[in-house]
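A short worksheet on the structure shown next.
The values are calculated or read from the model by the stated rules, or taken from the named source; none is laboratory data. Note that the structure is a prediction, hence the values are computed from the model and not measured. With ideal geometry, Cβ positions are generated from the backbone for all residues, glycine too; neighbour counts draw on all protein chains shown. Ligands, DNA and RNA are excluded from the accessible area calculation, which covers all protein heavy atoms including side chains. Shrake-Rupley method; radii C 1.70, N 1.55, O 1.52, S 1.80 Å.
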Amino acid sequence: MSGEYLAGKHPVLEALKAGRALNKIWLSNQAQRSLVQPIADEAKARGVVVQFVDKRKLDSLVPGVLHQGVVAQAAAVSYFDVEDLLARASERGEAPLLVLLDEVEDPHNLGSILRTADCTGAHGVIVPKRRSAGLTAVVAKTSAGAVEYVPVARVANLAQTIERLKEAGVWIAGADAAASQDVYGTDLTGPLAIVIGSEGRGLSRLVREKCDFLLSLPMFGRINSLNASVAAGVILYEAVRQRRGQARALEGGHASP
């Protein structure tokens with residue numbers, strides 16, 4: 001059988017609830033019944049085969065992954081087109097809010113960003129095909145199931161994709177620790193794509209030059225940069241705060257201070 005392995009209670013349960021095609025689910029004989037029973041019940045309701053096995057079987061399926069006694073084999077993950085992400089925003093009647101990842105290779109960072117993207121209502125994440133984490137079991141586990149709900153587009157050339165987004169009316173904001181423009185003093189209410197650079201190098205030169213503007217997060221300690229997923233989370237939630245304030249203003253209400 002071919003496909004992607006999902007590991008952990010939340011990723012597998014969310015995959016079931018999202019209606020993703022699962023070939024089989026393995027549950028550990030040693031796992032707490034209260035942990036695996038909801039999965040077994042949901043799988044039965046959806047006609048997915050469940051097998052109880054020794055924990056060592058699960059260890060061999062997803063080496064090095066904390067699986068909590070739950071592993072599933074899903075059909076291969078499908079990536080989306082960039083147009084699908086823009087269409088998602090249009091269907092909701094919202095200004096696009098996207099996240100572009102410039103060579104973010106740590107799967108834990110990608111998983112965390114997908115989780116935050118889901119929580120903030122972002123319309124999708126865009127990653128390059130080269131030098132980037134893909135949708136692996138580690139990503140699914142770290143995302144706590146968000147991988148089932150946040151569309152991810154995989155593109156051959158991030159710089160060209162930025163140009164396509166600009167043509168669609170999307171503004172490109174690059175996160176750069178050296179930028180003089182503060183995120184809290186920047187208008188993030190319009191159609192926006194936030195570009196997050198790699199863990200060690202930040203934004204690549206070409207991608208930085210393609211950005212409409214660069215913004216930074218204020219730093220008051222001795223460390224002058226944040227983890228990629230934390231930076232993405234702060235910027236996304238500031239965009240959410242501004243958009244909610246704008247919506248209240250348009251409705252004639254009053255935004256909270």
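Structure above, values below:
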{"item": "Cα gyration tensor shape of the stretch 113-236, rounded if a/c is under 1.5, else prolate or oblate by comparing a/b with b/c", "result": "rounded"}
{"item": "Partners for K210 among lysines (Cα-Cα distance below 18 Å; same-chain residues under 8 apart left out)", "result": "K166"}
{"item": "Gained length - A249 relative to A87, 0.36 nm times residue gap less alpha-carbon distance", "result": "55.7 nm"}
{"item": "Relative contact order, percent, the chain [alpha-carbon distance under 8 Å, six or more residues apart]", "result": "19 percent"}
{"item": "Accessible area of the stretch 134-257 divided out per residue, in Å², using a probe of 1.4 angstrom", "result": "52 Å²"}
{"item": "Relative contact order (percent, whole number), the stretch 75-199, Cα cutoff 8 Å, 6+ residue spacing", "result": "33 percent"}
{"item": "Where labels lie 7 Å past Cα in the beta-carbon direction, separation of K57 and E199 in nm", "result": "3.3 nm"}
{"item": "Rounded to 10°, Cα long-axis angle of helix 158-167 versus longest principal axis of the chain", "result": "60 degrees"}
{"item": "Those lysines that a straight Cα-Cα span of less than 24 Å connects to K24, excepting residues fewer than 8 apart in one chain", "result": "K9, K44, K55, K57, K141"}
{"item": "Degrees between helix 82-92 axis and first principal axis of the chain (Cα, 0 to 90, nearest 10)", "result": "80 degrees"}
{"item": "Residues Q30 and D182, FRET efficiency given R0 of 51 Å [Cβ-Cβ distance, rounded to 0.05]", "result": "0.50"}
{"item": "Ranked order, K9, K57 - accessible area, probe 1.4 Å, largest first", "result": "K57, K9"}
{"item": "Protein accessible area in the chain, 1.4 Å probe - carbon and sulfur %", "result": "49 percent"}
